[in-house]
Amino acid sequence: RMYVYRALTSDFSMPAQLVEPARLIEKDIQDCITRFNQGKEDINGRWYWEFVSKYRVKSTAVTMISFLNPTRTCLIVNIDGDVASVSARCQDRHEDMNLLLRKLTTGFQNADAGGHIPAAGAHFPLENLQEFKRRLATL
């Protein structure tokens, strides 16, 4: 994604009205990565982090983090009001993110999870966040 972003921000293709919004989003992504590295928890051998962001950078940030750490399972949770939204990555595929998130959210009302082996997402009511973390510690 950063390749595409850099291509768009080159001198020949970025419309002037998009330069500042793109800069703000890139800054938010980089800030998210920095905060992840400072605040992540190790839960059962997986990196876990919760945050709030002005922009929807969760998936891009966790993808970048996972490419820098391909042997780690990384989960980041964006809290938006009363909803927890998760992006999970495992680039070396030693753990199936689709199955993991489905197991972690099974039985939660108004929840959904899905994706692929190296990348998946989920969302569920914030009231289930502690149970989600408890399950993560036991799986």
Inset, instruction - For the chain, give the magnitude of the charge dipole about the Cα centre (Cβ charges: +1 Lys/Arg, -1 Asp/Glu; no others), in debye to the nearest 20. - result: 240
Inset, instruction - With the full set of protein chains in place, find how many percent of the accessible area of the stretch 5-139 is carbon and sulfur; take the probe as 1.4 Å. - result: 52
Legend entry - Derived scalar couplings ³J(HN,Hα) [the stretch 45-56; Karplus, 6.51 cos²θ - 1.76 cosθ + 1.60; whole Hz; x for Gly, Pro]: x, 10, 8, 9, 8, 10, 7, 10, 9, 6, 10, 8
Inset, instruction - Sketch the reach of a paramagnetic label on Asp80 as a point 7 Å from Cα along Cα-to-Cβ, and name the residues of the stretch 102-123 whose backbone nitrogen lies under 14 Å away. - result: 112, 121-123
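Mean separation of Cα pairs under 8 Å and 6+ residues apart, divided by the residue count of the chain: what relative contact order is that in percent?
On the way: 221 pairs, mean separation 23.5, N = 139.
Once normalised by length, the contact order is 17 percent.
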Inset, instruction - Label the chain by shape, choosing from rounded, prolate and oblate, from the square roots a ≥ b ≥ c of the eigenvalues of the Cα gyration tensor; if a/c is under 1.5 it is rounded, and otherwise prolate applies when a/b is larger than b/c, oblate when it is not. - result: prolate
Inset, instruction - For Asp80, list long-range residues whose amide hydrogen, built 1.01 Å from N in the peptide plane, is under 5 Å from its own amide hydrogen. - result: Ser85
Legend entry - For Val77, solvent-accessible area (1.4 Å; no DNA, RNA or ligand), Å²: 0
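Sort Ile65, Ile79, Ile117 by accessible area with a 1.4 Å probe, largest first.
Values: Ile65 5, Ile79 40, Ile117 70 Å².
Reading off the accessible areas and sorting them downward yields Ile117, Ile79, Ile65.
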Inset, instruction - State the answer as a single residue: which of Ala84, Asn128, Leu101 lies farthest towards the positive end of the charge dipole of the stretch 71-139, with beta carbon charges of +1 for Lys and Arg and -1 for Asp and Glu, about the Cα centre. - result: Leu101
Legend entry - In sequence order, calculated HN-Hα J values of the stretch 80-88 (Karplus, 6.51, -1.76, 1.60; Hz; x Gly/Pro): 10, x, 9, 10, 9, 10, 10, 10, 10
Inset, instruction - For Glu50, list long-range residues whose amide hydrogen, built 1.01 Å from N in the peptide plane, is under 5 Å from its own amide hydrogen. - result: Val77
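Count the lysine pairs in the chain whose Cα atoms sit under 16 Å apart, keeping only pairs 8 or more residues apart in sequence or on different chains.
Lysine pairs, 8 or more places apart or on different chains, close enough: 5.
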Inset, instruction - Could you pull out the longest piece of the chain with no exposed loop trypsin sites (Lys or Arg not before Pro) in it, calling a site exposed if DSSP puts it outside H, G, I, E, B and it has at most 15 other Cβ atoms within 10 Å? - result: 2-53
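So with the 1.4 Å probe, I'd like the accessible area per residue for the chain, rounded to whole Å². Walk me through the intermediate numbers first.
Values: 7930 Å² over 139 residues.
Heavy-atom SASA per residue in the chain reads 57 Å².
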Legend entry - For Thr73, residues with placed amide H under 5 Å, excluding near neighbours: Trp47
Inset, instruction - Mind grabbing the accessible area of His116 for me, 1.4 Å probe, Å², rounded to tens? - result: 130
Legend entry - Given charges at Cβ of Lys, Arg, Asp, Glu: the chain dipole, positive-most of Gln30, Met64, Leu18: Met64
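Going from most exposed to least, what order do Ser59, Ser87 have by accessible area with a 1.4 Å probe? Provide the component values of the computation, followed by the final result.
Details: Ser59 35, Ser87 5 Å².
Sorted by accessible area, descending: Ser59, Ser87.
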Inset, instruction - For the stretch 64-139 and the stretch 42-59, compute the distance between their C-alpha centroids and round to whole Å. - result: 9
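The values are calculated or read from the model by the stated rules, or taken from the named source; none is laboratory data. In this text the structure is predicted, and so the values were computed from the model without any measurement. Neighbour counts are summed over all protein chains in view; Cβ atoms, including those assigned to glycine, are modelled from backbone coordinates with ideal geometry. The area values use the complete protein model at the heavy-atom level, side chains included, leaving out ligands, DNA and RNA. Shrake-Rupley method; radii C 1.70, N 1.55, O 1.52, S 1.80 Å.
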